[in-house]
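Novice: Got a structure here, written out as C-alpha cells. Questions coming.
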Amino acid sequence: MIRLTNKFSNAEIVRTRDLQVLEGLDAVLDVGGVYDPSRDRYDHHQKGFEEVFGHGFSTKLSSAGLVYKHFGKEIIAKELRVDENHPDVHRLYLAVYKSFVEAIDAIDNGISQYDTDQPPRYVNHTHLSARVAKLNPDWIDPDQSAENENEAFQRAMSLAGGEFLDSVRYHAMSWLPARSIVMECLEARHGIDSSGEIVLLKQFCPVSN
C-alpha cells in the first residue's frame, strides 16, 4: 500500500529485524516496535499501543491500518484524480476502511468478529489474511532460503495490494455513483409522499450503507 504514495512509489523493500538496518531506512512497517508517523515508523506490536482509526471505529490498528490512516486519502485522491480535500475522498476513505482495512486490522490483532464464547459454526480460511499466510513457504519445502521467503513476500504484496486497489476502485466506480443516486432520491422523497417515508429509486443501483 505504501508504494502507492508519491513519497514511496519507487521504494525498495528490505525485509529485516536488525535494528541498525531499520534505523537507516526511510520507512519501517510492522517491525521495530515504534509508531512515529513523523519518521514514517508504523509498527503496532509494542507494549501500550492502542491506536485506532477514529471516525467511530474502535478496532486497534495493524501496520496496514496505520499506513492507511496516514496515506489512504492521498491514494484515494490519486485514483479519483481530485484534490485530497474533495468530499468524495473522505467518503471513500471511511468506506474502504470499513469494508476492507478494518478486517485486516482485527485479524492481525487477534480480535474476534463477534462477542461470544460459542465456537464458530464453520471455519473461514478464504479471507485475505489467510490467503496471504498460505503464500509462506511450507515447513516441508526443502527450500527454506531467504530468497524463497522474499519471493513469497513479493507475491503476498502483489495479492494484498491488488485487492486493496480493487476495493478502492469498486467504491470509486460503483459504490459512490450508487450512493449519489440514492441520496438524490432521498432528497426528493417528499415529492413522492408528504410523509417522507417512501423513496422512489428511478433506476437500478446497489443500495448499501
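Computed from the coordinates by the stated procedures, all read-outs in this text should not be read as laboratory data. Being a predicted model, the structure only gives us computed values, none of them experimental. Quick reminder, even Gly has a Cβ in these numbers, built from the backbone with ideal geometry, and neighbours come from all protein chains shown.
Novice: Tell me what the chain gives for mean residue ellipticity at 222 nm when only DSSP H runs of n ≥ 4 count, each as -39,500 (n - 2.57), the sum divided by the residue total, rounded to 500 deg cm²/dmol. Walk me through the numbers before you get to the answer.
Specialist: Details: 8 runs with 87 residues, N = 209.
Only helices count here, giving -12500 deg cm²/dmol.
Novice: Within the stretch 1-96, report the GluC sites (Glu not before Pro) that DSSP leaves as loop and that have at most 10 other Cβ atoms within 10 Å. Kindly include the intermediate steps, with their values, before the conclusion.
Specialist: Details: sites: Glu12, Glu23, Glu50, Glu51, Glu74, Glu79, Glu84; in loops: Glu12, Glu50, Glu51, Glu84.
Passing both the DSSP loop test and the Cβ count: Glu12, Glu50.
Novice: Could I ask something else about it? For Thr59, list long-range residues whose amide hydrogen, built 1.01 Å from N in the peptide plane, is under 5 Å from its own amide hydrogen.
Specialist: Long-range HN contacts for Thr59: Phe53.
Novice: Further, regarding this structure: For the chain, what does the relative contact order come out to in percent, with C-alpha contacts under 8 Å and a separation of six or more? Display every interim value, and only then the final one.
Specialist: On the way: 188 pairs, mean separation 27.9, N = 209.
Relative contact order, the chain: 13 percent.
Novice: Also: Taking Cα centroids, how far is the stretch 77-110 from the stretch 1-50 in Å?
Specialist: After rounding, the separation between the Cα centres reads 20 Å.
Novice: In addition: Once you keep just the Cα pairs under 8 angstrom separated by 6 or more residues, what percentage relative contact order results for the stretch 1-117? Show your work: numbers first, answer last.
Specialist: Values: 125 pairs, mean separation 22.6, N = 117.
Contact order relative to length: 19 percent.
Novice: So what is the relative contact order of the stretch 53-135, in percent, for Cα pairs below 8 Å that sit 6 or more residues apart? Please list the in-between numbers first.
Specialist: Numbers: 53 pairs, mean separation 26.9, N = 83.
This gives 32 percent for the stretch 53-135.
Novice: What are the trypsin sites (Lys or Arg not before Pro) within the stretch 155-209 that DSSP puts in a loop, where the Cβ has at most 11 other Cβ atoms within 10 Å? All intermediate terms of the calculation are to be shown ahead of the outcome.
Specialist: Working: sites: Arg155, Arg169, Arg179, Arg189, Lys202; in loops: Lys202.
Loop-located and lightly packed - Lys202.
Novice: Oh, and also: Looking at the chain, how many pairs of lysines come closer than 17 Å at the Cα, when each pair is eight or more places apart or spans two chains?
Specialist: Close lysine pairs under the 17 Å cut-off: 9.
Novice: Which chymotrypsin sites (Phe, Trp or Tyr not before Pro) in the stretch 119-165 pass both tests, a DSSP loop state and at most 10 other beta-carbon atoms within 10 Å? Before the final figure, lay out each step's value.
Specialist: On the way: sites: Tyr122, Trp139, Phe153, Phe164; in loops: Tyr122, Trp139.
Counting only loop positions with at most 10 other Cβ atoms within 10 Å, the chymotrypsin sites (Phe, Trp or Tyr not before Pro) in the stretch 119-165 are Tyr122, Trp139.
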